[in-house]
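> A single structure is presented below for examination.
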Amino acid sequence: MRNVLILGGRDIYYDGVVDQLFEDDVFICADHGADHARAMQLIPSVIVGDLDSILPDTLYWAKTLGIKIQQFPTEKDMTDSEIALSMLNPIEPILVVLSLSGRIDHVLSNFLVAGRMAEKGADILMTDGKTTVKIISGPAQYHIDRAIFRKHELEGNPLIVSMIPLFGIVQSVTTSGLYYALNKHDLSCGSSFSVSNKAISPEEEIVVEFMSGVMAITATIEPD
């Protein structure tokens, strides 16, 4: 079983999200994320947050279906996203559906909160339907799932992969399938050294291995 947390925000590409879902996924929504779930015809098991951005029609829809709603005060010490993430079982895989545009403070906060969860063993993948972001702690070996990118790659649009350390040093990074190969290279937080790498080909598997540290591994199609 995998928990799918759907957050709010704009520019979430539903077709790309749905292509990544499994039949036994369990859906949890944070506030306005319920509007996205409803648009994708997904039924959440629970909606959490201060409910300041969910559409009234969606709130009525949720109550009509008997969906569990956990409301929190508007004035609180955590975002709705962090509250929802903290409710998830870190032993089970987590897919976070979120906006990667708009409120940059929320985007950065979500990455860092997920990074701290990854340090404790959580398996977290984030997506807006066009980009994937793996938040991962070492030692680890990550094989990039290219299913949502395949059509674009075959049309000649290259897959762009970046490795961004979140806290301190990521040690002994080795890659395969990327144009700029790394071999037991240490990456430092605050450096752009490992930004904008490219897939060698649509067919060759992309693998990132490293010994320790936490990083975000992003994959997206280069825009036309």
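> With angles folded into 0 to 90 degrees, how steeply does helix 56-65 sit against the dominant principal axis of the chain? Use alpha carbons for both and round to 10.
Once rounded, the angle reads 80 degrees.
> Still on this structure: Cβ neighbours within 10 Å, averaged per peptide: list 129-137, 42-50, 27-35 in order, most packed at the top. Don't skip to the end; give the middle numbers.
Details: 129-137: 22.1, 42-50: 19.7, 27-35: 26.2.
Put in order of decreasing packing, that is 27-35, 129-137, 42-50.
> Which of the aspartates and glutamates could a cross-linker span from K63 if the Cα-Cα distance has to be under 17 Å and same-chain partners fewer than 8 positions apart are dropped?
Once the sequence-local aspartates and glutamates are set aside, what remains near K63 is D31, D35, D50, D52.
> Then there is this: Work from the charge dipole of the stretch 136-221 (Cβ charges, +1 for Lys and Arg, -1 for Asp and Glu, about the Cα centre) and give the residue of L159, Y180, V195 farthest towards its positive end.
V195
> Over the stretch 136-221, calculate the relative contact order: mean separation of alpha carbon pairs under 8 Å at least 6 apart, over the residue count, as a percent. Don't skip to the end; give the middle numbers.
Working: 197 pairs, mean separation 40.4, N = 86.
Normalised by residue count, the contact order of the stretch 136-221 is 47 percent.
> Pull up the cross-link candidates among the lysines for K151, meaning alpha carbon to alpha carbon under 27 Å and not fewer than 8 places away within one chain.
Leaving aside lysines fewer than 8 places away in the same chain, those within reach of K151 are K130, K134, K198.
> Show that you can apply the helix-only estimate: for the chain, add -39,500 (n - 2.57) for every DSSP H stretch of four or more residues, divide by all residues, and state [θ] at 222 nm to the nearest 500.
Details: 6 runs with 50 residues, N = 224.
Taken over the chain, the calculation gives -6000 deg cm²/dmol.
> With only Lys, Arg, Asp and Glu charged, each at its Cβ (+1 for the first two, -1 for the last two), find how big the charge dipole of the stretch 136-221 is about the Cα centre; round to the nearest 20 debye. Could the numbers behind the result be given before it?
On the way: 5 positive and 8 negative charges, 29 e Å.
Approximately 140 debye in magnitude.
> Work out the length of the dipole vector of the chain about its Cα centre, built from +1 on the beta-carbon of each Lys and Arg and -1 on the beta-carbon of each Asp and Glu, and round it to the nearest 20 debye. Before the final figure, lay out the partial values.
Details: 16 positive and 30 negative charges, 52 e Å.
Result for the chain is approximately 240 debye, rounded to the nearest 20.
> Hey, another quick one. What is the sum of charges, Lys and Arg at +1 and Asp and Glu at -1, for the other residues whose Cβ falls under 15 Å from the Cβ of S109?
Values: positive: K76, R103, R116; negative: D31, D77, D80, E82, D105.
Net charge around S109: -2.
> What is the order of S99, S188, S194, S53, fewest Cβ neighbours within 10 Å to most?
Fewest-to-most ranking of S99, S188, S194, S53: S188, S53, S99, S194.
> Where does the chain land on Rg(C-alpha)/(2.2 N^0.38 Å)?
Details: Rg = 17.8 Å, N = 224, 2.2 N^0.38 = 17.2 Å.
Output field value: 1.03.
> Distances over 19 Å make up what percent of all Cα-Cα pairs in the stretch 136-221?
Values: 1178 of 3655 pairs.
Tail of P(r) above 19 Å: 32 percent of Cα pairs.
> Report the Cα centroid-to-centroid distance between the stretch 69-133 and the stretch 22-36 in angstrom, as an integer.
Rounded to whole Å, the Cα centres lie 12 Å apart.
Coordinate-derived values only; no laboratory data. Note that the coordinates shown come from a computational prediction; the quantities given were computed from them, not determined experimentally. Note that each Cβ is placed from the backbone with ideal geometry, even for glycine, and that neighbours are counted across all protein chains shown.
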